Every structure is written in structure tokens, then in C-alpha cells.
Amino acid sequence: MTPDEALRRIAFLLEWRGASPYRVRAFHTAADAVRDLPPGPVDAAQAIQMRGVGPVTAEVISQASTGAVPRYLARLQAEADSDASAGWDLAVASTGDCHLHSDWSDGGSPIEDMAAAARALGHQWAVLTDHSPRLTIARGLSPDRLRSQLEAVAEVNSRMGPDFRLLTGIECDILDDGSLDQDDDLLDRLDIVVASVHSKLRSDPERVTARLLAAVRNPHADVLGHCTGRIITGRGRPQSRFDAEAVFAACAEAGTAVEINCWPERRDPPDDLLLQAAAAGCRFAVDTDAHAPQQLHWQSTGYARAARIGLGADRLITTWSLEQLLRAKSSRE
């Protein structure tokens, strides 16, 4: 066991227990600090000099660097149930993330930084999904800017190496009539399209249902993003109301994955709807909705939720190989 793996596993088990996000983040931050540490013993006093490493994480690093299971991790594992192991196995099996943003829209980091962070976590692929034109507050991409971004992604991929590919994509607004907020010819060129509602979330259920049904049946829509639009922190925002049975049945029929959004403010869909989508036979995308490199760590939260309701890797497209993902995309077109 490497220090990086030990720290990630501790972070996951703390999440599983419902620990503070700040406490969880401390272990991910330390894992980032030691990711490229050469093999061999590391003294705790040496480890604590590293940026982002504190007294507790320094002890974990020191113990794991000798090949031992750190005492902190051993205690958490002894207290965890079998479902926690299943959740960790799913997190380890993760191959990609279908939803991340760059500074081309409302993200804070360049495209290459987001791609490099995803690759460093062991992903084989990730999808760049900056916003579509209607979301002006998030600097949504006009058709011309999206065309320019396609060229920028190709340039990034030319420097990434053969073990990782940044896929082209968009988080496309679902418009009032259920259509998607981008030119069809451009949507045809994208690898993955995440379709999300960002406006009129409090419309009557019949209207929201019709809007979602039209979107998930659109052959361009690969993933239904944060389906209720809820915000669960701060002042919050109530979830939109719609006929979940009808929408999830349409997702299952069309092959449109339902997103398990890992953004801490969202954690969307809520548990009852997640169970309903699973019962409907839907596929899922465990996505971070990351707007900065360090937010890519949030994905393990979604795998924990998936494990709690018994979902296996076959239902989670973010554990699929790049070839399987793109093959499934082609079969829907």
C-alpha cells in the first residue's frame, strides 16, 4: 500500500461515515502532496514539512511508506461494513468523469490543468462539459467558441500521452420546450452531452416532466445532469417536481444515463429518486461537476451512494473503458 492509496482510502471511509467534508478534504490534499513520492520509508517529521500535510496525515504517510497498513486506516476498516468495501471497489474501478468545467465557462482552471488532474487520479478519460450559450452568467459557449474549444481539446490531447484522453462535450441547457441549447451540427461532433435544467425549476410538475422527457429522448443527450436542480447547503433550493417514474423509464429506454452528481451542494438525485432510477433499470454516471482540479476528488462520494443501493460497475458508465463508452454512444445514434 502506498501513502497515496492509504490516504485516499481513509478519505473514502470518512465520507462513508458522514465525516465533515473539511476533514475528508485534508486526506485528499495530503494524497495530492505525496502522489509522486518515490518508494521507500518516509519519516513523519519529514512528511509534515510537505505542503498540505498535517500531524495525522504525516503519521499515515510514514506508516504506509514502509508497506504497512496505517493504524488510522486499520481502525476505520475494522469498523466499516461490507458495503463500504463494495463502495471502495467501485471508486477504484472508476475510469472517467462525464462532467467537468474549465475557465472557458465558469470553471477556475485551464483545460489542460483539469485534464492533468483527472489523469493523475488514474482516470483513462474525462469529458470537458462547459456550459451552453443560454447560461450567460456562466459564460456559456457560443457555437463559435465551442468550435474553438474543440481545437483546444485536440491540442491538449496531443500532449497528454496515450494513457488518457480528454473527451469533447458540453453541459447543454434543456430549454423550455425540452430542446437542447446548441446547434445540432455541433452536438453531432461532441463525444458526450450532459443535458441539464438550470431555469424555471419551480414550474409545475407536468411542465418539468414534459421538458425532461423531450430532453432524455433526444439522441444527442447522453447524460441527464443533476435532475432535480436542488441545492442542499446554505439557503438551499428545493428540488423540482416531476413524474420520476416516467422520466426514469424514458432514460432507461433511450440509454440516457442518470447523473449521480457529487458536488457537495447538490448530491443529486436525492436517495428516494436514486432508488427509483435504479429500479427503472437506468444507467448512471458518477460525476463530480468539478470546477477546479481538487474537486475531482468528490467522485468517491457518488460511488459510496451507488454501493449503498447495490449498483454494480456494469450500471455505472464512469467505470467503463473509453472503447465501451464510445461504443455505447454510437449504438444510441
R9 is checked against (1) open to solvent by 60 Å² or more (accessible area, probe 1.4 Å); (2) within 29 Å of S321 (Cα to Cα); (3) basic (K, R) and fails just one. What number does that condition carry?
-> (1)
Note down all Cβ pairs under 7 Å where the first residue falls in segment 14-27 and is of a type in the set (D, E), the second is outside any loop (DSSP other than H, G, I, E, B), and they're at least six residues apart or on different chains.
-> E15/V24; E15/S300; E15/T301; E15/A304
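Could you tell me whether any residue of segment 326-333 is acidic (D, E) and more than 14 Å from T95 (Cβ to Cβ)?
Kept after step one, since they are acidic (D, E), are these residues of segment 326-333: 333.
Next cut, more than 14 Å from T95 (Cβ to Cβ) only: 333.
Within segment 326-333, one or more residues are acidic (D, E) and more than 14 Å from T95 (Cβ to Cβ).
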Can you name the residue in segment 65-83 that is assigned to a helix (DSSP H, G or I) and touching a Leu at 6+ places or on another chain (Cβ under 8 Å) and, of all such residues, is surrounded by the fewest Cβ atoms within 10 Å (Cβ to Cβ)?
-> Q77
So which helices (runs of 4 or more DSSP H) are wholly in segment 243-333 and hold at least 2 residues that are buried (at least 18 other Cβ atoms within 10 Å of the Cβ), touching a residue at least 24 places away in the same chain (Cβ under 8 Å) and of a type in the set (S, T, N, Q)?
-> 299-308
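Evaluate segment 212-232: report whether one residue or more is open to solvent by 50 Å² or more (accessible area, probe 1.4 Å), within 12 Å of R266 (Cβ to Cβ) and of a type in the set (S, T, Y). Give the steps one after another, and end with the answer.
So in segment 212-232, the residues open to solvent by 50 Å² or more (accessible area, probe 1.4 Å) come out as 217, 219, 232.
Then keep just the ones that are within 12 Å of R266 (Cβ to Cβ); that gives 232.
Filter again for of a type in the set (S, T, Y), leaving none.
Within segment 212-232, not a single residue is open to solvent by 50 Å² or more (accessible area, probe 1.4 Å), within 12 Å of R266 (Cβ to Cβ) and of a type in the set (S, T, Y).
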Test D36 against the stated conditions and say whether it is farther than 16 Å from Y303 by Cβ and open to solvent by 70 Å² or more (accessible area, probe 1.4 Å).
-> yes
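Does L186 satisfy the criteria of being within 22 Å of the chain's Cα centre (by Cα) and open to solvent by less than 10 Å² (accessible area, probe 1.4 Å)?
Against the criterion (within 22 Å of the chain's Cα centre (by Cα) and open to solvent by less than 10 Å² (accessible area, probe 1.4 Å)), L186 does not qualify.
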Which residues, taken from segment 135-166, are outside any helix (DSSP H, G or I), within 23 Å of the chain's Cα centre (by Cα) and without any contact (Cβ under 8 Å) to a residue 60 or more places away in the chain?
-> R139, G140, L141, G161, P162, D163, F164, L166
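Test I174 against the criterion of being more than 18 Å from F284 (Cβ to Cβ) and either open to solvent by 20 Å² or more (accessible area, probe 1.4 Å) or over 23 Å from the mean Cα position of the chain (by Cα) (or both), and give yes or no. Before you say what the answer is, go through the steps one by one.
Values: more than 18 Å from F284 (Cβ to Cβ): yes; either open to solvent by 20 Å² or more (accessible area, probe 1.4 Å) or over 23 Å from the mean Cα position of the chain (by Cα) (or both): no.
Taking the combined requirement at face value, the residue does not satisfy it.
The values are calculated or read from the model by the stated rules, or taken from the named source; none is laboratory data. This one's a predicted model, so the numbers in the text were calculated from it and none came from an experiment. A quick note on method: Cβ atoms are made from the backbone with ideal geometry, for glycine too, and the neighbour counts reach across all protein chains shown. Please note that ligands, DNA and RNA were not included when accessible areas were found on the heavy atoms of the full protein model with its side chains. Shrake-Rupley method; radii C 1.70, N 1.55, O 1.52, S 1.80 Å.
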